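First the structure, in the form of structure tokens, and then the observations on it.
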Amino acid sequence: MLRKLLEKDRKRLSRKIHIRKRLSGTAEKPRMTVTRSNRNLSIQVIDDIKGHTLVSASTLEKELKDIKATVAGGAQLGEIIGKRLLEKDIKTIVFDRNGYLYHGVVKAIADGARKTGVQF
């Protein structure tokens, strides 16, 4: 079982490296990266040139503790990050799925952010 988990993680990291070769965030069009686990979701919007996180949202935050790592929770978190982006006057981003398949929770996060008006 452990070998299977290690193989899945190795494949995800390989996909992540392949994606990151092409994606980079700037101040005008930052990179939104998603990290997910069985319990928590985390989103960061990063300016890769300066190396700064511009906006973030996570289910580990005190006010977002009740959001679960499900498709519905991902949609909620996507809307929250979208609102925070619009408050910072960021309207376009580059979406980095971080090696995860664009399906389920990752897709829900992207759709939730798009619902608020963020374009990518």
Problem - Qualifying residue in segment 28-47 (condition: in a loop (DSSP other than H, G, I, E, B), modelled with pLDDT under 95, closer than 18 Å to Val118 by Cβ and more than 15 Å from the chain's Cα centre (by Cα)) - result: yes
Exercise for the section: Give the residue, chosen from Ser56, Ser37, Ser24, that is surrounded by fewer than 11 Cβ atoms within 10 Å (Cβ to Cβ) and in contact (Cβ under 8 Å) with a residue 12 or more places away in the chain. Expected result: Ser37
Completion exercise
Taking segment 69-103 and keeping only residues that are surrounded by 14 or more Cβ atoms within 10 Å (Cβ to Cβ), under 14 Å from the mean Cα position of the chain (by Cα) and outside any helix (DSSP H, G or I), one is left with Ala69, Ile93, Val94, Phe95, Asp96, Arg97, Asn98, Gly99, Tyr100
Problem - Residues satisfying the stated conditions in segment 1-18, i.e. modelled with pLDDT of 90 or more and aliphatic (A, V, I, L, M) - result: Leu13, Ile17
Exercise for the section: For segment 50-66, enumerate the residues that are more than 16 Å from Phe95 (Cα to Cα) and not polar (S, T, N, Q). Expected result: Lys50, Gly51, His52, Leu60, Glu61, Lys62, Glu63, Leu64, Lys65, Asp66
Practice task
Please identify the pairs in which a residue from segment 95-113 that is touching a residue at least 60 places away in the same chain (Cβ under 8 Å) and under 13 Å from Ala69 (Cα atoms) has its Cβ atom under 8 Å from the Cβ atom of a residue that is assigned to a loop (DSSP other than H, G, I, E, B) and among the hydroxyl-bearing types (Ser, Thr, Tyr), counting only partners at least 6 apart or on another chain.
Solution key: Val105/Thr70; Val106/Tyr100
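The values are calculated or read from the model by the stated rules, or taken from the named source; none is laboratory data. Just so we're clear, the structure is a prediction, and the values are computed from it rather than from any experiment. No Cβ is skipped: glycine too gets one built from the backbone with ideal geometry, and neighbour counts run over all protein chains shown.
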